[in-house]
Amino acid sequence: MEQSINPIEECDATCMGSEAELNQIKEGLINDQAASQVADWFKAFSDPTRVKLIDALLQRELCVHDLTVLLGMGQSAVSHQLRYLRNLRIVKRRKEGKTVFYSLDDTHIEQIFVQTLQHTQHG
């Protein structure tokens, strides 16, 4: 005789938070728009090329040409990824004549990137 599998997991009554506690947590949950923005931000870090661009810009401000040389990629591919990162305010650009230089938008990006890298290299 087969046992039916209940798709809904049930908790012991002892693990349930009180309604007041759960309401307090619910009130403090991130709103849908902010959750979407955070998810988009993490998507930016899901692409190895973008991770390499961020890592290079962690070292110093670089022009598009230098980034193409470092990554061994074409200018249009690098520019496309930089535009994606710029739209998310992860990198910023500065023009000097016809040359466009890119750098990380702020120190928060550096901190998050370095901490994530350290976590992946941790034991």
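Couple of notes before you dig in:
- Extension gain for the segment THR49 to ALA34, taken as residue separation times 0.36 nm less the Cα-Cα distance, is 2.9 nm to one decimal.
- Candidates ARG94, ARG86, ARG50, ranked by Gaussian network fluctuation over the chain, Cα under 10 Å, top entry: ARG94
- Amide hydrogen neighbours beyond the local backbone of VAL91, cut-off 5 Å, H modeled: ARG86, ASP105
- Relative contact order %, the chain, counting alpha carbon pairs below 8 Å whose residues are six or more apart: 19
- Put simply, the C-alpha atoms of the chain give a gyration tensor, and the ellipsoid matching it has half-axes of 43, 18, 14 Å, longest first.
- Note that the range 84-123 carries a Kirkwood radius of 11.6 Å, evaluated over its alpha carbons pair by pair.
- Alpha-carbon centroids, the range 17-76 and the range 87-114: separation in whole Å: 13
- Of the DSSP H helices in the chain, those that are both long (alpha-carbon extent of 20 Å or more along the helix axis) and hydrophobic (Kyte-Doolittle mean at least -0.5) are 107-121.
Values quoted throughout were computed directly from the atomic coordinates according to the rules given, and no laboratory measurement underlies them. Please read these numbers as outputs of a predicted model, since none were measured by experiment.
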